[in-house]
Every structure is written in C-alpha cells, then in structure tokens.
1. Which far-off residues, 5 or more places away or on another chain, put their amide H under 5 Å from the one on Lys238, with H placed in the peptide plane?
2. Can you run phi through the Karplus equation (6.51, -1.76, 1.60; θ = phi - 60°) for the range 224-235 and list ³J(HN,Hα) in whole Hz, with x for Gly and Pro?
3. Based on DSSP H runs of at least 4 residues, each adding -39500 (n - 2.57), what is the mean residue ellipticity at 222 nm of the chain after dividing by all its residues, to the nearest 500 deg cm²/dmol?
4. For the chain, what is the accessible area per residue in Å² when the probe is 1.4 Å?
5. Span-like helices, the chain: DSSP H, alpha-carbon axial extent 15 Å or more, mean Kyte-Doolittle -0.5 or greater, which ones?
6. Which percent of the accessible area of the chain is formed by carbon and sulfur heavy atoms (probe 1.4 angstrom)?
7. Once the range 269-338 is represented by equal point scatterers at the alpha-carbon sites, with solvent omitted, what log10 I(q)/I(0) does the Debye formula produce at q = 0.12, 0.19, 0.25 Å⁻¹?
8. So who's got an amide H within less than 5 Å of the one on Ser191, skipping anything under 5 residues away but keeping other chains? H placed 1.01 Å off N, in plane.
Amino acid sequence: MAVDETNESATITFAAAETDLESIIGLIPGANLIQGLGLKYTGNSPVPGEKEITITNVPLFRNGMNYMFKGSYIQPTYTMDYEGKIEDEKLTVDINYELTNQKLAGTWNLAPVNTNAMMEGINCVTTSPLWINWDSQVAIDPGYIEGVDNLKQQPNGIFTYLIVILGDPIMADYLPINLPVQKWISNLLKSVTAKPNGGMYAIYSYSGDLEHPQWSSSDGMPHNAMRYYYDPEKPDEKIHLELNSGLLIDIIQGFITPVSRGTRAEIDYGNTKEIAKQLVKLLVPMLEKGIPCDYELNGDKLILNIDGVALRDILAKLVELANDPAAKTVINEFLDSQSLGAYKENIALLLSTLPNALKYQNYDEKSGVGSGECTYVKLGLKFVKE
C-alpha cells in the first residue's frame, strides 16, 4: 500500500505470492525426483482468476495519527468491497467480493446412479454420475484377468465394461465380478457448492467406507479449498478451478515423515527427470491459472469435465513417465508393498498400449503405423441442482 499523506489518498495493491511446491515435495522421502523441476507458480490473490489487483485514489480519513478507508472496486467480472485502517504503521483490511456471473452459484448434488444401464443402452459417455469420453479407436490391453473376458478393446468400450456393465445390478448374477464404481463415487461425494464469490466446497464421506458413507458437514471443508472463475473468452462454456495454494501445501506436508529414503536415491533418474520436466510444464499453468473445465448447463442439470485436450496431454506425459525404466522400478516396489505384485504384468501391458491410444485415432498393430489424432480425453461428473 502506497500512502499520499498530502492528498490523503492511497493506492492499494493485492498481489499473489509465489508458491514453491518443489521445496515442499522434495522433503517427502523418496521424492528426490522432484528437485530441479521448477515446480513453482504464482499463487492466489483475493479474487479468483486475478493475480494482481490495484486500486488507486482510495480516500483516506484521518483519525488522529491513524487513517481509515472504505470503498468498492467494480470490474466487469467481479465487485469487491473493502474496508480497513492504518494504525501504528500497520495495515489491516477486510474485503468481500462477488462474481458478476452467478450462473453456477448454488449447491449441486451428484446425479443419481444409473440403475438400469444395460436395458437403457447406457455407455461410459452417457452414464452417471462419473463419465468418460476418450476419442480413440485404438485398442488398449490390460491383459488376462481371471474371470473377465475381452478386455482388449478401444478405450470407451473398456470403460463402458468397467463402470457400466460390471456395476449393473441386473448383471451381478451373470458376471464373475461386481464393480460398482458409480455407487462408490456416489458414496464418496454428495454435493458441491459453488458460492457467489467463487469459493467452492464439497460435502463428502470421511468414513472411508464405500458402502456406508458418513457425510461431512458444510464446515467440513474450507469454503475456499477450491475456487472457480469463468473463462474470459467463453464464460458460457468454460470455467477454471483454482486450488488453494496454502491448503495444497498443508496436504503435501502431511506426507512428510522422518523415514529413510531407502534405495530409491540410488536409481538413475536422468531420463525420468527430463520427462518429468515436460510434465511440470503442463501442470504449472493449471496450478497458476486454474484447471480448465468445460461445463454444460441444461436447466437444473450440470455436466462438468476437465478440458479434454489438457487431460489428454497430461495423461500422455504421465504414461510416458510410467513407462520409463526408472519409474517402473518405483511402481513395482509400490505394487509389491500393496500386495499387488501379481498384477505387474497386467499393468505393464496396459501402460505399453496406452501411448498409441492417447496419440492416434487408429493404429495398425501389424504394421506399427498409426493414423488420425486422439483429439481429447474427457473425464467428468454430472450434477443436479438442489
């Protein structure tokens, strides 16, 4: 804050600070791979979507040796009211703001689970509440899993099998396993509330029991844990979701324990780090500007998904990272620690077939030639307004 005592006015600047996740993550045992990747970004200012707010010519009202001020700052996308004082050379200020666009404000309950999916011809795109649409005809292959047939197929086919068919109550007596993914999702997340000021919080189950949820109260999650703002160019189609920088650091610090790094520090992460740097280049803009999301509003129904191009690019780089020899060593250690070692071959085969499905529209396995482009991978949820 800059004060002009002669004219009794001031200029107030609210600026976002740099968030350094690299230093924090680097303290986690086994996370030395993160060092040197440049995982730093400009964090959050008081208003979603704004990195710096400067208010000029703010009138100051003298009270002895102190000053008070109060006013409103009106912009096309938000209105901010502020009130504060300068006392004993210390500044305190309270602000309240609201987004101009209130289209998504309110509480959105997770859409109900499809209970008759097979009879209604539901697939992974039209299912509810979790849905996915992967624009590729390239087959992905998780290998043989006892009791489950024909898993090698194009992505939407395999996800229809996994999240629709295996979870359909009608098919429970006819299939080797029951995988009620949609039921689990609905027992983890009850609703999301989008506040008029861009704050966002969820009502979620904290029990860890996928069959018997215990719902949090409206105060169970900080109301600014995530914030949203409308895309300046396409406000009727896109929003950005900002993660609270402070909360993100608190979560990461929760993983920091005084445990030995073991043998992982001896792994040569040379090529792995190069891939990771490319991944960080994709992630930093999302942390800085917010996760880009598409939304479709139809009355009291909302369809929301992560931007398909952004998700495709991140998945492609994650898969490249997972297929790196050094990363495979870490993955296999994890699988062994979780008693999942029997599925190493399945996971390795799946990871080896994913790159082509994230790059091409079609791929000929015999010639090893791909054609067309996988233009998007959309993953989202469906909601109904309360």
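1. Hits under the 5 Å cutoff: Asp231, Tyr295.
2. 10, 4, 9, 10, 10, 8, 7, 4, x, 8, 10, x
3. -7500 deg cm²/dmol
4. 54
5. 270-289, 308-322, 325-337, 344-359
6. 54
7. -0.47, -0.83, -1.05
8. Leu110, Ile203
The values are calculated or read from the model by the stated rules, or taken from the named source; none is laboratory data. Not measured: the values here are computed from a predicted model. Quick reminder, even Gly has a Cβ in these numbers, built from the backbone with ideal geometry, and neighbours come from all protein chains shown. Heads up: the accessible areas ignore ligands, DNA and RNA and are worked out on the full protein's heavy atoms, side chains in. Shrake-Rupley method; radii C 1.70, N 1.55, O 1.52, S 1.80 Å.
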